[in-house]
Amino acid sequence: MAHDHDDHHHDNELDPMAARVRALETILTQKGLVDPAAIDAIVETYETKVGPHIGAKVVAKAWSDPQFADWLKRDATAAIASLGISGRQGEHMQAVFNTADTHNLVVCTLCSCYPWSVLGLPPVWYKSPPYRSRAVIDPRGVLAEFDLVLPETTNIRVWDSTAELRYLVIPLRPDGTDALSEAQLAKLVTRDAMIGTGIALAPEAA
Amino acid sequence: MSLRELIAHSQGLALKDGGPVFAEPWQADAFAMVVALHDKALFSWDEWAQALSAQLKRPGALEDASDYYHCWVAALESLIAHKNIARVADIDHLAAAWQRAAHATPHGQPIKLENDPEPH
């Protein structure tokens, strides 16, 4: 809004989208379908509490505790819940483990399904049409955009998320990390490593 | 914006503690309403994903996903219209009332729907 040239300047303006969302909230509140306090609590959770640091803890535990890793492989939903992380959306989780031969990459070609409970909300590129369309067709080219070049011999397996099933990539544990604690290991696990567009950091780079 | 530029932008944000989760407050509210309505079992995640996908696949969707939350709101509107909770016309009227209320509210005071000078 150009304040100096607006003859009809008003003190308060709501842009069309802000007004629309207020209208929706008014209607849904009047019908008893949403509670403004609950809306605020959800916003606060996603703005301040949920994020990739949670997924990083899951990965660090999987690296440190073979029994947990095995559980995570068999039943990621239960293994993750055991850490006190609630998938409040009730979606099922599957952990896909990178190996020396196979690198995993997650996309949602349909829309933007993402493991919110362990990674927070997705980055903009994850929601963008070029990523959603190219990850399946040309995963190697997409990874190159992230400056991730894998050996030709490494298979890339692409997992297409759905509303009901969301994937968490368990990256390979970096070399030279045997002496690190779970908390130190968690610092090596980036969001991109858990989507598969990156790998875990080397200890000296963290 | 190319994928590489989007990535670079995102990594720039990551260096600054991840940047804001939502670009504008209405995006946060729209996001939270969908989570709340799902909690109330108004729709399944599958239904939601179909509705959102339908909006994201419309011709003219922006490559840089900057219209993502516009699509999100449109998907929410389509679902609540489909479930006979509110028609798009109802939302249009109420959104206009909110805008008039904002105009009529002095600076520094909270915007309330009652401030709309026109009778509803």
Would you look at the GNM of chain B, springs on alpha carbons closer than 10 Å, and say which of B:ALA86, B:ALA104, B:ALA75 moves the most? B:ALA104
In nanometres, what is the gap between the two model label sites at A:ALA41 and A:LEU150, each 7 Å from Cα along Cα-to-Cβ? 4.1
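So what's the net charge close to A:ALA179: Lys and Arg +1, Asp and Glu -1, counting the other residues with Cβ under 15 Å from its Cβ? Before the final figure, lay out each step's value.
On the way: positive: A:ARG173, A:LYS187; negative: A:ASP175, A:ASP178, A:GLU182, A:GLU204.
Once all neighbours under 15 Å are counted, the net charge is -2.
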So how strong a dipole does chain B carry about its Cα centre when Lys and Arg Cβ are +1 and Asp and Glu Cβ are -1, to the nearest 20 debye? 100
Distance (nanometres) between label positions extended 7 Å along Cα→Cβ at B:LEU62 and B:HIS93: 3.1
Distance check, please: which entries in A:LYS127/B:LYS112; A:LYS31/A:LYS73; A:LYS49/A:LYS73; A:LYS57/A:LYS127 exceed 31 angstrom between their Cα atoms? A:LYS127/B:LYS112; A:LYS31/A:LYS73
Suppose each label sits 7 Å from its Cα in the direction of the beta carbon; what would the A:PHE97-A:LEU201 distance come out to in nanometres? 2.5
In the protein assembly as shown, which cysteines lack any other cysteine Cβ under 4.7 Å from their own? A:CYS111, B:CYS71
What does the helix-only formula give at 222 nm for chain B: each DSSP H stretch with n ≥ 4 adding -39500 (n - 2.57), the total divided by the residues, and the result rounded to the nearest 500 deg cm²/dmol? -19000 deg cm²/dmol
Size of electric dipole in the protein assembly as shown: Cβ of Lys, Arg +1 and of Asp, Glu -1, about Cα centre, debye, nearest 20: 980
Given the options A:VAL21, A:VAL158, A:VAL106, state which has the largest fluctuation in a GNM of chain A using a 10 Å cut-off (strictly under) for Cα springs. A:VAL21
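Since every read-out is calculated from the coordinates, none of them should be taken as a lab result. Only a predicted model underlies this, so the values are computations on that prediction, with no experimental measurement involved. In this analysis, Cβ positions are derived from the backbone assuming ideal geometry, glycine residues included, and neighbour counts consider all displayed protein chains.
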